[in-house]
Each structure stands twice: as structure tokens, then as C-alpha cells.
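Beneath this line is the structure, given in C-alpha cells, with notes to follow.
The values are calculated or read from the model by the stated rules, or taken from the named source; none is laboratory data. As the structure is a computational prediction, the values presented were derived from the model and not from experiment. Using ideal geometry, Cβ is built from the backbone for each residue, glycine included, and neighbour counts are taken over all protein chains shown. All accessible areas refer to the heavy atoms of the entire protein, side chains included, with ligands and DNA or RNA removed. Shrake-Rupley method; radii C 1.70, N 1.55, O 1.52, S 1.80 Å.
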Amino acid sequence: MKAYRVFTQAELFAPPAPLIYRGEQLREIAFPLGGIGTGCVSLSGRGGLVDWEIFNRPNKGSRLPYTFFTIWAQPADGPAITRVLQAPPQPPFSGENHGLYRGFGFGVSREDGSGLPHMRGAVFRGEFPFAEISFQDPKLPVQVRLEAYSPFTPMNPDDSGIPIAVLRYHVRNQAQVPVRLSVAGNLFNPIGYKGSGPFIGSHLGQNVNTYQEEKGLRGLFLSSNKYPPDDPVYGSMALTTVWEDVFCQACWLRGPWFDALHDFWDTFSKQGELPERNLGPSEEGQSDVGTLGLRATLQPGEEVVLPFYISWYFPNFIKYWEGGTCSLDDKDRPRWKNYYASLWEDAFDVARYYARHRERLYKETRQFHQALFSSTLPPYVLDAISSQASTLHSPTVLRLEDGTFYGFEGCHAERGCCEGSCTHVWNYAQTPAFLFPSLERSMREADYTYNLREDGYMGFRLQLPLGSPIWQFHAAADGQLGGVIKVYRDWLLCGDDAWLAKLWPKVKKALEYAWQEWDPDQDGVIEGVQHNTYDIEFYGPNTMIGTFYLGALRAAEEMARHLGDLSAAEQYRQVYERGRERLDRELFNGEYYIQRCDSELKYQYGQGCLSDQLIGQWLAHLVGLGYLLPKEHVQSALRAIFSYNWRTDFWEHANPQRIYALNDEQGLLLCSWPHGGRPKFPFVYSDEVWSGIEYQVASHLIYEGLVEEGLAIVKGVRQRHDGIRRNPWNEFECGSHYARAMSSWAVLTALAGYRFDMRKGLLGFAPRLWATFWRSFWSVADAWGTFAQNIYARCAQVSLRLVYGKLTLQQLWLGSLPQVKEAKAFVEGKALETTTEPLDGGTLCTFTQGLSLLPGQVLTLELAWEE
């Protein structure tokens, strides 16, 4: 075993701390703002708005022309100062490949106000779902802090699916005299835009900017008279506020050259406001910028929050990738309505809903942030867990017309990457299952409704629109078998027997397809053609597909027994036992598990040490199925994966494949051949580093008690996404915002030793880090909150707080505590009858009468034992 340490224990076990970025770290930041299935716009590290991906497709690198915010501040004893509310542009200044003059060498783009006076600096704090930027400028008489977010409340996908970005400018007077101020937001009307390419073009024309005001809401409404309601580009946008003291210029000056920007800046800098201007529909090929300004006067030391809401509404989704092309022009392409179009009528209606419910939406989003970030976890772990949840705001995910949750694998610059809620990629993603279980269940329902043939074959890419013919290719062995385990996980999270019973016949059919295709002799070992997540086919026995199969058999056994399908349960058990014995006997080489295959076959791994070799065991731990293979061999294999595949640098690593880690970075290879035997052409991607697999292995190491090794991998991943090298809120693989990276949520479940089984009303915790003083977030299908425990010499205090939803609980397992002699339980001071018994090295507390918690209520336990 080689030495592996690159991080000190002080670095690995650092206490929680704010996630702060400054200086060069601001360069790559793009923090997604939007709703689940609505697309997003991103907040840059400097404070600008980038990557306008609200038009039903990805659009990396896009900047909406002249869309930026400015502040005007005039102290009572001095002249006014005007600043663009962004930190200064960063090098290089040789020109940027975006905007009207894309690639023509016209220098730094002016479209975001780069040529105007800016704030002198910024510090970015990013803790999804909130981003904060503290701006710095020595001449400005006020301090400015931007707080940006979009509503994000676990278990409430509709309120977490609002197409809106909320920008709250906190302005504090630091002068000794009163200060008059205005903050102005500019928004370009892009209605008619096809989702990619230049914003200016023939698609524009008849664009209309109007000021609208009603009780409690006012602002700009952007629309177009050019397109009918069923057109793919039909839609609207709005820039609104609940602030009462406002000014609005619906249209900037229409003029040649740079007249419009000159007029805006000169007028606003002089007066702190703009005169009204309404010009009617724009000319063909043209559109307008509008400005909404918020005014205030602050006394010394006074602070105000000036809120802006950018909302959008593009209801018509067209399958632009149909036939391998990428176009909206074909009127015969399949199309459907976005789910959010069933909730609101236009962008102003979206803003209206948010304005009416803003206090609750903000409060609930803050409660989630507080519950997660109050966890006693190292900062880079919280960073990994939270940052990948931002993928749910990205165009990687959609909500179809009936609310079904759907995902690409990731996003290319202008199109989704690899359609179909790809089962072998989404196997890894745990974040949606634990934060929005109803959405995750909708993926199961769609899969088993539309993706399953009568013989049990499943397409691994769900075709749209729903009901389209099934994807015709090899069945993906990992995707199809992993689906069985995911059904089990989703059932444990919700405890809904009716849901399980409805799916069960189809789940059986999908599992037993293995007996036609991969295991016809039912010896429990997968052989034959095994298409998988590496986009190739494995042949012969291997534990990557093999542990998926064993896990699926065990999960199916448990579900069958619960539903009374005892003959099926017994059959699954027998096949599992045969497979377990043979896999271990034939594939364990004394250190790790290998693949048995013809050495002449291309794209295999043979004698290699595969990082995914125990992925089914990882999922089995996550759902409480126990060991699929002998514990000592599993732990040996995990140690080997870390020892051989973890790289403390990549200076000597030869990688002809895609490059996701290099130079002095750390990362985990997909495979290595420590004892030789590397095929001439190993499986594609073998020399790469994928963060989704890194989190899978890291959390599995933690499940096995190898906490330091697991943490090292997580820290290595997040150091690669430091704002200088890569965007902290975009872990990419085959495209940006890659779904596989949502495996990071399992790092939390592993560190917490989290158990869940809502069919029994059971939650459990066995913290593997700082168990004597622990606090963490937990969630099940209808509730979420925090768990805390403090352990002393011979006693402990435990609390389970419900923050959101409703929780019915029968049992609480405390895996860190020995046999308890005395246990007292209380809810709001009322004692609960409680019994205890030893279980799995800890204590199982049973509440004789059961209990139900409502938001804000806390279950408290006081426990004692003898030495």
C-alpha cells in the first residue's frame, strides 16, 4: 500500500466555516438561480448575471445585453457617486466570445457595463441555495451586500419550481449624514430568442416593454406581439419589486451607435433616476432595454433591503434535439408544456405569486439553509453536499407537463447532453431522492410505465414525449438492476405500501429479465453482454454489475416479503446466496475484486482495480441491506481502491481521454492496474476522474469506517472547484451540471450513519465523525429537520427537531450509544413511554404509543448507562 496523504488531519477535520471566495476565485463562479425544471440564470462571482438558460435549453456563456444593476448614492454634504454593482472585470482583456460582436475582436464586451465605473472589489459567499456578495468601494458612502436566491424548500417541489431569481440589495449608510440613493436594474427584452446564439437578430421585432402596477407589486413586463401563444419562442419576462418608491423607464433611448448606453449612464449619474419613456413595439430585428429603479433615503447607520425579482415564462418546450439536429424551426417536432406553465399565466403572474408568498418562501428556504449548514461537518463536505443540489436549478432537469421529473445527464453549451433520465447515470444521484422524494418517485413511475417491454427489457433512456416508442439498444444492466434498488429506497423513504404494490409487478418483470439475458441459469452471477455507464459492454462476471444484481435481489426479497409474495422472495434469496458465494470465490484476488473475461476483448478491465467494483454494495449500505459480500473482503477492496486509484497529483499520469483532473490536483481514477495486466485498449474513460464516482467511493469508504480516506477524496474534489480552476457550482463530466455528481448527498448519509424505514416509522443515526457532539440534517418523504446528540461519560442527550412537514415516528435507533439502562423521552415537556433494546451495537428506542411531530416541535431523549 502506497502513502496517500496530501491533506493534514487539521485540514480534513476542520470545523464548519463560511464558504468564502475572493480575488481570482471569483473568475469561474456562476451560481444558478431559478426553479426546478424552469431553467436558470447564474450570478457571477463579480455580481453580474450570466448564462441565461431560461429559454428551455442550455446557453453557457450567454449574457443578456445591457442587463446589469447600478447604484447612485448622494450624501447630504457631497456629490453623487454612481457605480455598476459588479466587481471590476478580470483579465484577460483581449476580447470575449459573446454578445453582439461575438468573436470579432472588439475588446472587452460593453454589454454588461464593463466600461463604466464599477465597485472596486467583492467577496462572494456561496452556500446553496443562497449566494451573498459583499461589494467594496472606498468612495461610496454606503455599504452594499447582495443576497440572491430562488425558493428552495425540500418536499415542496412546486414552490421550489418557481421561474424566478430574487436579488435583495442590502444597503447601509456608513456616512455621518443622510444619503439619498437609487438602485436601478436594467433588463433587455429578448422575447423571440431561440435559446442559443446572439440575442440580437431577426427573431426580434414587435417586442413590447410596459410598466405595470397593482397592489403590492410593480415593475417591467416584457413581451412580444410577434409570436402566437403556441410558438416555441412565445413567452414573457418581468423585472418587478414590492418596493413602493420606484421609477421606471420602459424603453431606453432608441438611437445608433452607443447613444442608448450614453443616455442611460449620463442621465442616471446626474439625477439618480430616469424619466418615463414608453415607445411601443420595437422595429423588426430590434428590441429594447428597460430600467426599474428603487429609491430610498437613509439616515446615518440606517439599512434598507431593496428587492428585485427577475421572473420568466416560456411555456412551450420543443424537442429541439429530435433527429440529432438542434433546431426550433421544424414545426412538426414534438412539443409539450412546461409544468410551471400549469401554475402561472405569464412572468408577471409568477412575480405576483412570489410577492404574495415571499415571507413564507424566504423563511422556508432560510430554514433549509440553516438546518443544513448548522451541521457539524467540515466545510468542504457541506460544500460538496449543497453545491451539487444546485444541479436541480440547472437545465439538466425538466418537469414535464404532468409534473414528471426528467433529466439529461448534463448540459453541453447549447443543448442537453444525453437525454432520457439515463438510468445508469441517475443511479448515482441521491440528492433528489432525499430532498424531493415525490419527484424521484415520478422517475420510477415513468420508467416502469413507459420504459418497460412486456418481456421485462427496459430502455435506459426514457423517450419524450411520454408514451414514445422505447429506446432500442442493449439493456443497461447497471441501470435496470439499479432501478430495483431505487424503488426500495424510495419506498423506505415514503412508507407508501400502495405505491409499492402498484409498481411491484413491473419491478418483478424488470428484475427477472436478468434470467433471460444475463443469468439464464439463475446462479446469481451476471454474464453476457452488459451495457453500462461507461458507454461500452462488459462481458463475463464482474462485481460492478454483480453487486447491482445482488443488491437488486436483496431489495426485491424485502419488498416481496412485505407484500406477501413469499415464493418470489424465497427464489430471490436463493439466487442471491448462490451469486454471493460464486462472485466472492471466483473474483476476489486476495485484495480486491476483478473481472473474468476473454483477454482479447476490447474495452474491459480484467485484472484492474475498478473504483465502481462495489457500487451495488454502496447502495445496499445506503438503504440498510447490509453486506452483499463478506465484510472483510469488501473493506479490503475499498482500501485497495483508495490506495491504487487515489492520486495526490497528476504530473506523471498519462491520460489520452477526457481530462477532469491534472497537474497538482488530486482525484480518484476510474481504474488502475497495480499488478499489471492492463489491456491494450481498456474500457473507455478508464484513465479519467469523475466526481460522481469519487463521491460514491468516498461515502462508501466512510460507511466502512475509513473516514479519513473518504474525506480526503471529498476535499480533493472540492479543491478542484475553487473558483479559479472551475466553477464551484458546476461539476461537469459529459456536460455541465452533471447528474452523477449528486451522489455527494450520500456523504451526508454515510457520515451521519443515517437509517430510514418509514414503513416501520424508524429513523436512525450513528455518526462516524465527532459523535460526542454531532448535529446534522435529515429528511424522509414528508418531513425534514435536524438531529443532534451530545454524549458525556455515562449519559447522553439527543434531540430530533422537525422543521418542515409532518413526522410519525415509532422508533429511533442510536448507533453511537451502548446498551442504555435508562431512557426518558419528551415532546414539548410531555413524557413519552419509551422502551430500549440493543441493536447493531447501539440502542433502539421504541415509543410505545408512537408520536407525531409538527414543525417546530422537538423530540428530546435523556439516556444513561453503566460503565
Solvent-accessible area of T834 with every protein chain in place, 1.4 Å probe, in Å² to the nearest 10: 30 Å²
Area of V684 that stays accessible when all protein chains are in place (1.4 Å probe, Å², to 10): 40 Å²
Folded to 0 to 90 degrees: helix 477-494 orientation relative to the chain principal axis, Cα: 80 degrees
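Ignoring ligands, DNA and RNA, what accessible area per residue does the chain give at 1.4 Å, in Å²? Before the final figure, lay out the partial values.
On the way: 29980 Å² over 867 residues.
Roughly 35 Å² per residue, with all protein chains present.
If R₀ is 45 angstrom, what is the calculated FRET efficiency for the pair I536 and F93, using the beta carbon separation as r and rounding to 0.05?
On the way: r = 44 Å, r/R0 = 0.98.
Once the sixth-power term is evaluated, E becomes 0.55.
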Charge dipole of the chain about the Cα centre (unit charges at C-beta), most positive-ward option of S342, S686, A355: A355
Gap separating the Cα centres of region 751-826 and region 640-667, nearest whole Å: 38 Å
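Pairs of Cα atoms under 8 Å, at least six residues apart: use those to get the relative contact order of region 721-867, whole percent. Working shown, then result.
Working: 317 pairs, mean separation 29.2, N = 147.
RCO, region 721-867: 20 percent.
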Sequence-distant residues sharing a close amide H with G272 (under 5 Å, placed H): none
Highest average packing first - 328-341, 639-652, Cβ atoms within 10 Å: 639-652, 328-341
Long-range HN-HN contacts of W813 with modeled amide H, under 5 Å: L763, G764, F765, C845
Mean Cα-pair separation over length for region 671-751, i.e. relative contact order, pairs under 8 Å, 6 or more apart, %: 35 percent
Top positive-direction residue, dipole computed over region 152-225 with Cβ charges, set Y193, Q174, T210: Q174
At q = 0.10 Å⁻¹, base-10 log of I(q)/I(0) for the chain (Debye sum, equal scatterers on each alpha carbon): -1.12
Normalised contact order of the chain, rounded percent, pairs of Cα under 8 Å and 6 or more residues apart: 11 percent
The chain: angle of helix 691-703 to the longest principal axis, Cα-based, in degrees nearest 10: 50 degrees
Cα-centred dipole magnitude for the chain, charges only on beta-carbon of K, R (+1) and D, E (-1), debye, nearest 20: 1280 debye
Whole-Hz ³J(HN,Hα) from phi, Karplus 6.51 cos²θ - 1.76 cosθ + 1.60, for region 673-684, glycine and proline x: 10, x, 10, x, x, 5, x, 4, 10, x, 4, 4
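Of the listed peptides 526-538, 734-746, what is their order by residue-averaged count of other C-beta atoms within 10 Å, with the highest listed first? Walk me through the intermediate numbers first.
Details: 526-538: 20.3, 734-746: 26.9.
So the peptides 526-538, 734-746, ranked by packing, come out 734-746, 526-538.
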Distant-in-sequence amide H partners of E127 (H built 1.01 Å from N, under 5 Å): E132
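Per DSSP H run of n ≥ 4, the term is -39500 (n - 2.57); total these for the chain, divide by its residue number, and report the mean residue ellipticity at 222 nm rounded to 500 deg cm²/dmol. List each step's numbers first, then the result.
Numbers: 17 runs with 217 residues, N = 867.
Helix-only estimate at 222 nm: -8000 deg cm²/dmol.
Please give the length that would be gained between H474 and V6 if that part of the chain were fully extended, namely 0.36 nm times their separation in residues minus their C-alpha to C-alpha distance (nm, one decimal).
Values: separation 468, 0.36 × 468 = 168.48 nm, distance 4.19 nm.
Result for the pair: 164.3 nm of gain on full extension.
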Region 125-140 - phi-based ³J(HN,Hα) in whole Hz, Karplus 6.51/-1.76/1.60, Gly and Pro as x: 10, x, 9, 3, x, 10, 10, 10, 10, 9, 7, 10, 7, x, 8, 6
Accessible carbon and sulfur surface of region 481-609 relative to its total accessible area, %, 1.4 Å: 45 percent
Note, ³J(HN,Hα) from phi for region 585-594, Karplus 6.51, -1.76, 1.60, rounded to Hz, x at Gly and Pro: 5, 8, 10, 7, 8, x, 9, 8, 9, 10
Paired Rg and Dmax values of region 596-711, which use every Cα atom, in angstrom: 14.4, 40
Fraction of accessible area attributable to carbon and sulfur, region 652-787 (%, probe 1.4 Å): 52 percent
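Under unit Cβ charges (Lys, Arg +1; Asp, Glu -1), what dipole magnitude, rounded to 20 debye, does region 626-693 have relative to its Cα centre? Intermediate values should be presented prior to the final figure.
Numbers: 6 positive and 7 negative charges, 64 e Å.
My answer is approximately 300 debye.
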